[in-house]
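Structure record follows, encoded as structure tokens.
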Amino acid sequence: MSQSPWTAHHIQQCEQRIGQTMLRDEHSLVSFSRDFGGLAHSKPAAVFSPPTTLALQQLIAYADENCLPVTVRAKGLSQSGQSLPVAGGLTLHMDRFDAVHEQEDGLIWVDANASWSALLAATLRESRVPYITPYNVNLSIAGLISVGGVGAASFKHGIAASHVTALEVVTADGKIQRVDAASSLFHACLGGQGQFGVITKAAIQLRPFGRQVRTFSLAYTDREQWLKDLAVFKRHADFIEAFCSPSLQGTKLTAKGRRPFAEWLFSLQVSFEYDDKAPELADFGSDVKPWRVSHRQDEAMDSYLFRHEARLQAMKASGQWELQHPWYECLVAQDVVMSELDDLLRSLPLHFATMVHLVPISGKQPTGFFMGPGQAEFFSVMILNPGVPPALVPGCLEVIWEMDERFLAKGGKRYLSGFLGSDLPLDYWAAHFGPDYTNWSKLKRRYDPKGIFCSTLCNHNMTEGRSAS
Ligand SMILES: Cc1cc2nc3c(=O)[nH]c(=O)nc-3n(C[C@H](O)[C@H](O)[C@H](O)COP(=O)(O)OP(=O)(O)OC[C@H]3O[C@@H](n4cnc5c(N)ncnc54)[C@H](O)[C@@H]3O)c2cc1C
């Protein structure tokens, strides 16, 4: 069903009905018209920040009655318009849903917009942590599980969305429900990009942990040895970060002019929890042979889980946070990554690929609408540059399309946070969801029949492009 834009009359009538005001001043609207990526822009007709669940329900019921588009926004850290409204749409800013609730029986209830750091502040006191903590602990709970949720323990525990026990959700009719794995609404909301309802609370599973963490930073010049050691550590470690970093070797002439080129170094940061006795590298056998042990770090778990904070703060202090971020994340089968890696590294311009992260992920527990390449183990190939100036953006986008060509044809699936493009072709979503596309369309019609939940990324093209039974 097609939606109408929010008019001044709608906004006024809705404000009167729910007894709350919306933001409509130019400054506020402009500040909500971009996301972290800075590549997609769309100004909302109004922004509503519900103070209570009742006000949220009333707003949604009004929007549904009048077929008015609503975009759910958490912290706006996605990069392709996932949290930006369609023309004439309203932004539902969930910032006031930030409480951390009770812990019981190995789980904790948290409001949708609480950050992972707020969750950790409560659970670390009780000697518990979530199975997956993202690198950036400032992301919201609901924003992360609405895309999946990747972290350094993903090689072992998969994605954050796989460790949710229950959700509280407001659906398009304004009703609120608590749902668990027995409900199709629960599955639809995990990886659901805010398209099936508004998550107000989530129950996140917790586990006990060793008090201390020892991290070995290992460097390799030999790609094969790096991969062999990665396989060993996947059997023993608690957290792994794997990445390739370029070492500049000067410039050379290419078809696009003179360009810098690099040799690539391969790195692992492998971390082990312990209480009394810290592991030594020798414990993992003589086959583990890094070129260099660059560093060994011992720290408490609360320090380890916040390890990326300094880097994120530096991005803010240096102005990089405000730049555009053409980020790329693609979930790719292990054998495809291995066969493509050398060629990929040779082809990447260094202003775009300051590092290439390869996050190993266990795909043993398929979850909601998070789409992987359908294998038990795969990688997220990620290029997360600190920010690029406008003149370099078109070149970066060209590389993104080349990488899509390289990986999507071989079963890769984009992680739905990075930049996917504007005006995606009608058949994009059918290809992305594959056999699950029919179910996506069916559940969308069931839980949001008028299609009020939408964004510049997920709009009417998403289900109408291909008719689904
Ligand atoms: C610096 C940085 C570091 C990152 N690190 C990681 C990482 O370690 N691991 C990882 O997996 N990802 C990471 N990401 C990507 C991030 O997980 C996604 O972009 C995430 O969706 C952003 O969360 P947000 O809270 O800003 O949500 P938003 O960008 O505001 O929203 C994202 C999506 O979730 C939906 N949504 C938000 N709240 C709700 C709700 N209450 N109910 C229903 N739908 C909702 C929105 O509609 C939208 O579709 C990182 C991003 C940045 C910028």
Name the residue, out of 43, 75, that is part of a loop (DSSP other than H, G, I, E, B), within 30 Å of residue 460 (Cβ to Cβ), within 8 Å of the ligand (Cβ to nearest atom) and not aromatic (Phe, Trp, Tyr).
75
Any chance region 368-390 includes a residue that's farther than 22 Å from residue 149 by Cα and either in contact with a Ser or Thr (Cβ under 6 Å, 6 or more places away or on another chain) or surrounded by fewer than 19 Cβ atoms within 10 Å (Cβ to Cβ) (or both)?
yes
Taking the stated definitions as given, is residue 420 in a loop (DSSP other than H, G, I, E, B) and aliphatic (A, V, I, L, M)?
yes
Taking the criterion of being within 12 Å of the ligand (Cβ to nearest atom) and surrounded by fewer than 17 Cβ atoms within 10 Å (Cβ to Cβ), would at least one residue in region 49-65 satisfy it?
yes
Close pairs (6 angstrom Cβ cut-off, 6 or more residues apart or separate chains): small (Gly, Ala, Ser) and modelled with pLDDT of 95 or more in region 181-193, within 12 Å of the ligand (Cβ to nearest atom) and assigned to a helix (DSSP H, G or I) anywhere:
191/161
Filter region 77-103 for residues that are more than 27 Å from residue 13 (Cβ to Cβ) and not polar (S, T, N, Q); the one that is surrounded by the fewest Cβ atoms within 10 Å (Cβ to Cβ) is 102
Test of understanding: among 373, 394, 449, 435, which residue is over 27 Å from residue 76 (Cβ atoms), away from the ligand (no atom under 13 Å from the Cβ) and in a helix (DSSP H, G or I)?
435
Restricting to region 138-150, give me the number of residues that are in contact (Cβ under 8 Å) with a residue 40 or more places away in the chain, within 12 Å of residue 116 (Cα to Cα), crowded, with 24+ Cβ neighbours inside 10 Å and in contact with a strand residue (DSSP E or B) (Cβ under 7 Å, 6 or more places away or on another chain).
4
How about region 195-280: which strands (runs of 3 or more DSSP E) wholly inside it have at least 3 residues that are free of Cβ contacts under 8 Å to residues at least 60 places away in the same chain and over 16 Å from residue 346 (Cβ atoms)?
257-274
Can you tell which of 191, 174 is of a type outside the set (D, E, K, R), under 27 Å from residue 442 (Cα atoms), outside any helix (DSSP H, G or I) and away from the ligand (no atom under 14 Å from the Cβ)?
174
Could you go through region 88-97 and let me know if any residue there is among the β-branched types (Val, Ile, Thr), within 9 Å of the ligand (Cβ to nearest atom) and within 30 Å of residue 24 (Cβ to Cβ).
no
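Out of all the residues in region 250-268, is one or more under 30 Å from residue 114 (Cα atoms) and not assigned by TED's automatic domain parsing to the domain that holds residue 130?
no
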Taking into account only those residues within region 407-432 that are more than 16 Å from the ligand (Cβ to nearest atom) and touching a strand residue (DSSP E or B) at 6+ places or on another chain (Cβ under 9 Å), which is farthest from residue 42 (Cα to Cα)?
410
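Matching residues to (1) within 16 Å of the ligand (Cβ to nearest atom); (2) exposed (fewer than 15 other Cβ atoms within 10 Å of the Cβ); (3) touching a residue at least 12 places away in the same chain (Cβ under 8 Å):
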position: 288; (1), (2), (3): no, no, yes
position: 299; (1), (2), (3): no, no, yes
position: 314; (1), (2), (3): yes, yes, no
position: 317; (1), (2), (3): yes, yes, no
position: 320; (1), (2), (3): yes, no, yes
Being touching a Ser or Thr at 6+ places or on another chain (Cβ under 9 Å) and modelled with pLDDT of 95 or more narrows 308, 295, 325 down to just 295
Taking the condition of being within 6 Å of the ligand (Cβ to nearest atom) and among the hydroxyl-bearing types (Ser, Thr, Tyr), how many residues in region 133-156 meet it?
3
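The values are calculated or read from the model by the stated rules, or taken from the named source; none is laboratory data. This one's a predicted model, so the numbers in the text were calculated from it and none came from an experiment. Using ideal geometry, Cβ is built from the backbone for each residue, glycine included, and neighbour counts are taken over all protein chains shown.
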